[in-house]
Amino acid sequence: MNPVDPKIERLIVRQLDGEITEAEQLQLNRELLRNPGAHRLWEEYRALDATAGEVLQDLLGDRHTSFDPTTIPAPLTAKRPQLVRRHWLLLTGAVAAAILALAIPRPAVTTNNQPGSFVEKTGTQPIIVDNVPRPRPVNADGLMRNVSMPSVQRETGTDVFGVLDENGNVYWIEVERTRTLRRPAKNRAGRASREIL
Amino acid sequence: MAVKPAEFDPEEPVVEAVREGDRFAFAELVRRHEHWVRGVIFGVLGDPDRTEDVSQQAWLAFWQRIGELRDVKRWRPWLYRLARNAALDAGRQTSRQKRNSMQWKLEAMSSPGPESAATSLDRSERHAEVLNAIRSLPALYREPFVLRHVDGWSYRQIAEVMDMPVDSVETRLVRARRLLRECLQEKLD
C-alpha cells in the first residue's frame with residue numbers, strides 16, 4: 001500500500017531526477033515537513049536511486065567495449081546508393097534526349113553554341129546559316145538580280161541542350177546538325193530572287 | 001506528441017564523418033555513447049551477461065547501415081532502435097535456452113574490497129538485491145529507468161530516443177520506482 005498522494009510521489013520522483021520546478025520544489029518541501037509518510041517515501045526513493053545508480057554504473061558504465069571499431073570492415077553497400085542511381089538516371093535521360101533531338105525533324109533552328117543559352121525556334125521560315133557561302137549582291141541597294149544560286153544548300157549547326165541536375169550542376173550536350181535544302185525548280189531556272197542580307 | 005531533437009547536437013559532425021566512412025570518428029562515437037547503448041540493451045534484456053555481445057552487434061549494424069540514416073539530427077533515436085532491435089533478437093534466442101547468469105555477478109559482488117568485510121557484504125547484498133529488482137521490472141519501465149541512471153539523461157532526451165511524450169517517460173519512471181520499492185520491501189518482509 002502506498003498512502004502517499006500520487007501527485008506528491010510524482011513530485012518526489014521529479015525532484016530526484018532533477019526535473020522539478022521551483023514552485024514544485026516549494027510544494028514538495030511543505031509536504032515533506034507536514035507529512036511523515038511522504039518524507040519516508042522520499043528517503044526510500046532517494047536511497048533506492050543512489051544504490052540503483054551505483055549498481056548500473058558498475059554493471060554498464062565502467063566497461064568499455066572489447067572490439068576495436070577502427071578494424072571493422074567497410075560496409076558492403078555503397079553509401080547513398082540512391083543518389084548514385086539518380087546520377088545514372090540523369091545521364092541516361094540526357095543521352096536519350098540527345099538521340100530524340102537527332103531523330104525528330106525540326107522546321108528551323110538558329111545556331112547557338114554558347115553555354116548558358118537555349119535552343120531557339122524561329123518558326124517555319126528557312127534561315128541561311130552564317131557559315132554557308134552566299135552570293136554577293138550586285139547592286140548597292142542590296143537587291144540581287146540574276147544571281148546563280150546553288151541548287152542544293154546545306155545548313156550545318158550545333159544545338160546545345162542544358163540539363164540541370166539536383167546539385168545545381170549543368171550538363172551541356174552538343175548535337176551536330178546538318179540540313180539539306182533544295183531550291184524549288186522555278187528558282188533553279190535562274191529567276192531573280194530577293195534576299196535581304 | 002513525440003519530442004523533437006534539440007536545435008544543435010555537437011555529435012552531428014561526428015555522425016556525418018562516420019557516414020563518410022571515417023573509422024576513427026566511429027571509434028570516438030562508440031567511446032562516447034557505448035554506456036547508454038549498453039543501458040538500452042540491458043533495459044530490454046535484463047541480462048548483464050549478454051549486454052556486451054549485443055552491444056557490439058548494435059554498433060556493427062550502425063556502421064553498416066549508416067547510409068540508411070536520412071536525418072543526421074535523428075541519429076540517437078535511430079541508434080536506440082538498432083540497439084533495441086538487436087536486444088530483442090538476442091532475447092528471442094535467449095528465451096529458447098534459458099540460463100541463469102546472475103551467479104557470477106553475485107560472486108563478484110561478495111568479494112571483499114578495501115572496506116571492512118561486514119560493510120562490504122552489506123553493500124554487496126544490497127546491490128545484488130537492487131540489481132535483481134531492476135531485472136525483475138517489466139522492460140517497459142526498466143528501459144527509461146536504466147537510461148536515466150546510466151547516463152543521467154533528462155526526461156526530454158529519453159522521450160526523444162524512445163519516441164514518446166515526456167509525460168509518458170515521467171509516468172514510467174514513477175511506476176518503475178514504485179515497483180522497485182514494492183519488490184525490495186517484499187524481500188525485507
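The values are calculated or read from the model by the stated rules, or taken from the named source; none is laboratory data. Everything numeric in this text was worked out from a predicted model, so none of it was measured. Here the Cβ positions follow ideal geometry from the backbone for every residue, glycine too, while neighbour counts run over all protein chains shown.
Okay, here's what the table says:
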| item | result |
| --- | --- |
| Hey, A:Glu43 in a helix (DSSP H, G or I), buried (at least 16 other Cβ atoms within 10 Å of the Cβ), at pLDDT 70 or above and not hydrophobic (A, V, I, L, M, F, W, C) or not | no |
| Unique match (being facing another protein chain (nearest Cβ under 9 Å) and at pLDDT 90 or above) among B:Phe62, B:Phe26 | B:Phe26 |
| Within the range B:1-18, tally of residues that are modelled with pLDDT of 90 or more and either within 14 Å of chain A (Cβ to nearest Cβ) or not in a helix (DSSP H, G or I) (or both) | 5 |
| Options B:Gly21, B:Gly46; residue that is at the interface with chain A (Cβ under 10 Å from one of its Cβ atoms) and not hydrophobic (A, V, I, L, M, F, W, C) | B:Gly21 |
